[in-house]
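Quick notes on the structure that follows.
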Amino acid sequence: MEFRFSSNVERLQSSAVRDILKLTQGKEIISFAGGLPAEELFPLEAVRDAAERVFKSGNNTLQYGLTEGYLPLREQLCGRMAKKNMHVEPHEMIMTTGSQQAIDLITRVLMEPGDVVLVENPTYLASLQVFNLSGLRIVPVASDNDGMIISEAERLIKQLQPKLIYVVPTFGNPTARVWSEERRRGLLDLSHRYGIAILEDDPYGDIKFDETEDYPTLFALEDKADGGNVLYTSTFSKTVAPALRTGWAMGSSSVISMMAKAKQAADLHSSTLDQQTLDQLLRHYDLDAHIGTIRGAYGDRMQQMQRLLKAQGWSDVKWEQPKGGMFLWLELPEGLDAAALLRSAVTKNVAFVPGAAFYAAEPQRNTARLNFTFTTGERMATGIARFAEALNEFLARC
Ligand code: PMP
């Protein structure tokens, strides 16, 4: 039969990143496109030990679990959060299937089709997909290196009465930008004055290259889970491994319990095997030392990619040095369409993500996102040489 799809689905575009990953699979392509963590740094042995402990603990380990998530893991996470000045009780936290599901559930419980959500421009592509799927009106707020421009956000709040503001204030995807504390406080102030919920997405906060730097989360600055406006989500995907598909959300218990109802409809609960494994991992493994290793390695890789790009001597290819996260955000010469550059790059066996996909509106087409965590050493050098060959051909034609 000819299926008639819902209008929300028809609006949905497939993720440009996933499409490129499909294109690159099984070929000799060096890909800077995916947001993939370094595989050689996954704590494989430690996860295996933790899983063995779980399997040894008896048959009930394979039983259905709570929708809100495995309580011992939530209790441990509350302790870890407290060290970052985020004070939260287990009933103010829900475990989710990756932080991606937290974004989806928060959207489902708070938003009606047609409601306005404010976002940074550019912002995380898969959140734009969630908002589109829910039929929201996505309104981008002008942003610079310090974060969202607060006066612009206020102007749009007065004009459009948004119900939600979605932000990635620390090492955002795709730009790796870090919001200044002033902007963080400025947004909180707007949220309180106008009564608007904030969804703070923080998958990369731990991946900071200078561990003495402190970037307080909006959740910590507000310091009020119950009755607060900030709903916070993070994940084990970048610090342990994405395959465990374990993230969490925290905030007002009224929202958390509503999310639990929506989650029952979605998947009853996230994998208890994965959650119990993470619980054991946190008990018997020094995750903070592991995070230290990741920070060091990713910082080195970022420096290597920068050196390779700088060595090309381009005067009109610009980027800010990332202070953390997994991406370099390039601004290419004006007028250059990064999507066309990608097509040519793929013929030279190298891939990246053209920046336009990350904009809710008014895309800046001469931008590109390069991942520096997955491809290393000689392979990174070869990949950047291929990228440079493609770009130089474009520049020669301009
Ligand atoms: N938010 C942002 C900004 C991300 O970059 C990602 C991963 N690409 C996620 C959320 C989702 O991660 P996960 O579902 O693996 O926790």
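Per-structure values
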{"quantity": "Given charges at beta-carbon only (K, R positive; D, E negative), |dipole| of region 44-284 in Debye", "calculated": "480 debye"}
{"quantity": "Listed peptides 366-379, 59-72 by packing density, highest first (mean Cβ within 10 Å)", "calculated": "366-379, 59-72"}
{"quantity": "Packing-based order for 165-175, 221-231, using average beta carbon neighbours within 10 Å, highest first", "calculated": "165-175, 221-231"}
{"quantity": "Gain in span if fully extended, R185 to T347, counting 0.36 nm per residue against the direct Cα distance", "calculated": "53.7 nm"}
{"quantity": "Rounded if a/c under 1.5, otherwise prolate or oblate - region 38-95, Cα gyration tensor axes", "calculated": "oblate"}
{"quantity": "Estimated distance in nm for a label pair at H284 and K261, the labels positioned 7 Å out from Cα along Cα-to-Cβ", "calculated": "4.0 nm"}
{"quantity": "Relative contact order (%) - criterion: Cα under 8 Å, at least six apart; region: region 44-284", "calculated": "30 percent"}
{"quantity": "Whole-angstrom gap from region 170-195 to region 56-116, using each part's C-alpha centre", "calculated": "23 Å"}
{"quantity": "Prolate/oblate/rounded call for region 233-273, Cα gyration tensor, a/c under 1.5 rounded", "calculated": "oblate"}
{"quantity": "Residue-span extension gain [F42 to E10] - 0.36 nm each, minus C-alpha spacing", "calculated": "7.8 nm"}
{"quantity": "Charge-dipole axis of region 44-284 as Lys and Arg at +1 and Asp and Glu at -1 on Cβ define it, positive-most pick from L156, Y166, T277", "calculated": "T277"}
{"quantity": "Charged-residue dipole, Cβ positions (Lys, Arg, Asp, Glu), region 270-389 about Cα centre, Debye nearest 20", "calculated": "300 debye"}
{"quantity": "Distance between region 317-392 and region 197-266 - C-alpha centres, whole angstrom", "calculated": "29 Å"}
{"quantity": "Helical contribution to [θ] at 222 nm, DSSP H n ≥ 4, -39,500 (n - 2.57), averaged over the chain, rounded to 500", "calculated": "-13500 deg cm²/dmol"}
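None of the figures in this text is laboratory data; all of them are computed from the coordinates on show. Model, not experiment: these values are computed from the prediction. Backbone-built Cβ (ideal geometry, glycine too); neighbour counts: all protein chains shown.
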